[in-house]
Amino acid sequence: MNVVILGAGEVGYHIAIRLATEGNDVCVVDQDETRLQVIADAMDVRTVCGKASYPAVLEQAGTAHADLLIAVTTNDEVNMLACQVAHSLFKVPTKLARVREQDYVKHPELFGRDDLPIDKMISPEGEAAKVVMGRLNVSSAQDAREFFNGAIELVEVTVRPKSKLAGLALKELPDVMGALRVYVVAHEHNNRWRVPRGDTVLLAGDSIYVTVEKKHLDTLMQTIDLAYQTPAGRNVMMIGGGRIGYLVAKELELAGAKVKIIEFNAERAEWLSEHLNNVVVIYGDALDRKLLEEENIDRMDDFLALTNDDENNILGSLIAKRYGVGHVVTLVNKAIYMQLMRQIGLDVTVSPRLSTVATILSHIRKGRIHGMASLADGQLEVLEAEALATSSILDIPLKHLKLPDDTVVGAIMRGDEIIIPNGSVAVKTGDHVLMVTTTESIPQVEKLFAVHLEFF
């Protein structure tokens with residue numbers, strides 16, 4: 001593919017390095033020469049310095065020959081106008097744009113071939129809010145993702161010292177689970193994630209990702225001595241009432257949670273109080289221990305650090321941990337911090353960058369890739385793919401299927417039936433298949449499902 005990426009920030013950088021690694025012809029456009037130099041030094045891509053919506057700049061970037069344009073600058077209007085220019089002047093077939101302002105997002109009728117020609121609009125705040133709610137819907141898990149339209153849950157849990165899982169080899173897992181069918185698709189030991197084997201032994205402190213039918217999630221949690229609690233009736237304290245905080249607060253309000261938001265900006269605090277009905281909005285400093293104590297932080301079930309400042313989120317989360325809050329979710333934007341979070345005791349993190357990158361990549365993959373997410377701080381990828389009539393994965397028992405290294409089939413949906421696979425199961429035409437793999441193996445996994453190059 002010939003790909004033009006507008007914006008050399010965190011999202012643009014990670015999209016570029018993914019697509020360049022897979023052999024695509026990538027050009028990155030930005031007004032900041034320093035950012036472009038960082039990208040040019042890290043990967044084999046072309047760069048153009050200039051304003052992303054200018055026709056002359058887009059022409060210099062090779063937009064006339066582009067298969068795909070991805071507009072992820074920090075300016076919504078520039079992203080939208082660039083897509084219009086790419087459509088009208090250069091006939092680019094597929095255009096994706098990052099749009100952050102919710103006043104645009106809530107009007108999807110603005111976007112389409114006959115209106116603003118954007119094939120897919122990505123809202124980083126909306127994607128991050130979905131991930132936060134996933135963490136809250138399974139509050140005793142470190143992570144939770146839904147696939148197959150919500151029929152399958154992929155949950156991350158930590159092996160506790162006295163858990164039934166501690167010291168267990170995965171081939172012995174059926175003895176613990178009984179009739180409950182689950183599949184362990186990823187295992188972390190000493191901060192390194194990998195796809196496990198049957199003889200992998202789980203040790204206290206390790207983490208695992210497990211696929212389970214959503215209707216059996218409660219049973220899974222009870223079996224491994226963890227509580228399954230939805231947000232209803234829970235006491236939740238949030239710091240930060242920006243775009244993400246507001247979206248999460250609205251969802252929690254609908255779910256029946258008791259929510260308090262601490263917002264540092266007086267004008268924003270007043271706006272939140274006008275737009276949220278059953279949420280307590282407090283104007284103040286989220287790191288003020290006296291304020292936190294007055295608002296009973298020690299009685300909270302959940303603490304969500306969702307400000308725009310990574311450092312404040314990390315410090316606020318550590319304070320909440322010290323007051324004994326059992327479930328803490330921390331929003332982190334900078335990649336360098338993501339690598340440190342577990343080491344300082346913050347296990348449940350959300351990265352708008354990673355969720356945005358995953359959403360964009362899921363819409364430009366070959367074959368029928370219906371969903372994609374990054375796991376384990378980007379060390380692993382999960383894809384929901386549809387098996388077409390000529391896909392090479394069909395009709396071969398999984399135990400005989402030659403999958404790339406560190407790749408596993410975690411679940412199959414056949415019509416309305418959910419199949420937690422074993423070695424004798426084979427993929428059929430029309431099945432939706434949940435694959436867990438490494439970033440390096442994604443091109444090989446795509447080939448199992450690809451028929452021809454498609455954008456959707």
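Restricting to Cα atoms and excluding each atom paired with itself, what does the Kirkwood estimate give for the range 74-119 in Å?
10.7 Å
Please go through the residue pairs LYS399/LYS428; LYS106/LYS334; LYS106/LYS130 and name each one whose alpha carbons sit more than 18 Å apart in this structure. Display every interim value, and only then the final one.
On the way: LYS399/LYS428 15 Å; LYS106/LYS334 27 Å; LYS106/LYS130 16 Å.
Long pairs (Cα-Cα over 18 Å): LYS106/LYS334.
So if each residue of separation counts as 0.36 nm, and I subtract the Cα-Cα distance between ARG160 and ARG194, what length gain in nm does that give?
10.3 nm
Measure of size requested: the Rg and Dmax of the range 94-213, with Cα atoms as the atom set and Å as the unit; please supply both.
When restricted to Cα atoms, the range 94-213 yields Rg and Dmax of 19.6, 60 Å.
How much of the accessible area of the chain, in percent, comes from carbon and sulfur atoms when a 1.4 Å probe is used?
47 percent
Report the dimensions of the range 182-298 along its three principal axes from the alpha-carbon atoms, largest first, rounded to Å.
Each principal axis gives a Cα extent; for the range 182-298 these are 57, 31, 25 Å.
Taking a threshold of 30 Å on the Cα-Cα distance, which of the pairs LYS95/LYS402; LYS120/LYS214; LYS171/LYS321; LYS215/LYS250 fall above it?
Pairs exceeding the cut-off: LYS95/LYS402; LYS171/LYS321.
What's the Kirkwood radius of the range 233-330 in Å, using all Cα pairs? Intermediate values should be presented prior to the final figure.
Working: mean 1/r = 0.0773 Å⁻¹.
So the Kirkwood estimate lands at 12.9 Å.
Where the Cα atoms of the range 373-444 are projected onto their three principal axes, how long is each span, largest first, in whole Å?
Cα extents, longest axis first: 32, 25, 22 Å.
Quick one: pull the percentage of alpha-carbon pairs in the range 169-241 with a separation above 15 Å. Working shown, then result.
Values: 1669 of 2628 pairs.
Of the Cα pairs, 64 percent sit more than 15 Å apart.
How long are the semi-axes of the equivalent ellipsoid of the chain, defined as square roots of 5 times the Cα gyration tensor eigenvalues? Whole Å, largest first.
Square roots of five times the eigenvalues give 34, 32, 19 Å.
Would you calculate the convex hull of the Cα atoms in the range 329-421 and tell me its volume per residue in Å³?
Enclosed volume per residue, from the Cα hull, is 145 Å³.
Provide the percentage of antiparallel DSSP beta bridges, counting only those with both residues in the chain; round to the nearest 5.
50 percent
Over the range 1-146, with the other protein chains present, what is the accessible area per residue in square angstrom, probe 1.4 angstrom?
42 Å²
For the range 170-179, in order, what is each residue's ³J(HN,Hα) by Karplus, 6.51 cos²θ - 1.76 cosθ + 1.60 with θ = phi - 60°, in whole Hz (x at glycine and Pro)?
4, 5, 8, 4, x, 5, 7, 7, x, 7
Can you divide the C-alpha Rg of the range 1-137 by 2.2 N^0.38 Å and report the result to two decimal places?
Relative to the rule-of-thumb radius for its length, the range 1-137 sits at 1.04.
Remind me, relative contact order of the chain in percent, using alpha carbon pairs under 8 angstrom and six or more residues apart?
On the way: 977 pairs, mean separation 49.8, N = 456.
Relative contact order for the chain comes out at 11 percent.
Work out how far the C-alpha atoms of the range 274-357 reach from end to end along every principal axis, then list the three figures in whole Å, largest first.
35, 31, 20
The values are calculated or read from the model by the stated rules, or taken from the named source; none is laboratory data. Values in this document were obtained by computation on a predicted structure and should not be read as measured data. Note: areas computed on protein heavy atoms with side chains; ligands, DNA, RNA excluded. Shrake-Rupley method; radii C 1.70, N 1.55, O 1.52, S 1.80 Å.
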